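As structure tokens, the structure follows; a few thoughts come after it.
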């Protein structure tokens, strides 16, 4: 990745700029910016639409709007193109995914797509919270989780959770995104955590079966990834794969056990790292490498701790998914400021080494809003592999040319 920008006198590449935007957010765009850019691009003030922007190199980054506290802002140049600025100084031109009608749709039952599904970047349809988190409802939400925090607040107030979408609602949204408007290639299915994950597995199987019936797996060009809680009996996950999942993630989030117990009290109490590991290793052993994934919220524990966990998993064929901590509005252990770029550069470089060393291929295509794993793979491993392939082809052609012309 060679394209560089200057932020506060320091040169950063697009991936580093993505990390800065995730951790520092962006000022609320003016109504003029929303109005002008929203005519052509997928940009909305509605937080349920999880808008993103595209940095040079097609790097996808979540548009974390945090009011006036961020040094970053969006503007429109005299040429009509949008740009990103840092404290008023232009950093780089940016773009957005094309405008879509996805969020204006409703299912046959009347449920709006908005609030159920989220378009990430240019090729992912995600269902981030299909059922409530029972840990959060019990007052034990993960400190960094915004949706869990919402459920925890509802429980504290004695208010009911919104009605969960049905499997058919989900499948109709998939059909629209994949077949009708063709705005996505990959699907992510995620719910809140349940204290009895066996029932969660059955719910996921029902959703996948219905997606197959309504949309058709053969119409989905990319992967279906399922994020679920680890069951007490790991073999129950086999049913999720049999129903159509390409990958299954059981997220450990924090590798350091002591920190995990403080930051993720419900997950640590009712599941724990060992149950997660039993399920992840079962998947890797039965279905092969790159079929099991575990997301980590990176920035909450020392890099040595996270990287030790990432290597433990990668060595066994499990994909460590690198999600950058967004501190906006959700203090963790009293902190609201993420580590600096040196922290994330160390993580990025070591993760790239682990991915290459152990043949790890993270999920997705173009990349995700707050995860940097696919960006790392796209920019540092696939690019290098393509360069090597072109070099080898050129050398082979040269040899063949010399051989053919030899007397």
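The values are calculated or read from the model by the stated rules, or taken from the named source; none is laboratory data. Quick caveat, the model's predicted, so the values are computed rather than measured. Counting neighbours? That spans all protein chains shown, and the Cβs are built from the backbone with ideal geometry, glycine included.
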Filtering the range 329-360 down to residues that are under 22 Å from residue 188 (Cβ atoms) and buried (at least 19 other Cβ atoms within 10 Å of the Cβ) yields 351, 355, 360
Being touching a strand residue (DSSP E or B) at 6+ places or on another chain (Cβ under 9 Å) and not assigned by TED's automatic domain parsing to the domain that holds residue 366: is that true of residue 61 here? yes
In the range 74-94, residues that are in a strand (DSSP E or B) and within 14 Å of residue 17 (Cβ to Cβ) total 10
Taking the condition touching a helix residue (DSSP H, G or I) at 6+ places or on another chain (Cβ under 6 Å), under 16 Å from residue 128 (Cα atoms) and surrounded by 22 or more Cβ atoms within 10 Å (Cβ to Cβ), does residue 249 pass? no
Can you name the condition, by its number, that residue 220 falls short on among (1) crowded, with 20+ Cβ neighbours inside 10 Å; (2) in contact with a strand residue (DSSP E or B) (Cβ under 7 Å, 6 or more places away or on another chain); (3) free of Cβ contacts under 8 Å to residues at least 40 places away in the same chain? (3)
Residue 75 surrounded by fewer than 18 Cβ atoms within 10 Å (Cβ to Cβ) and modelled with pLDDT of 95 or more: yes
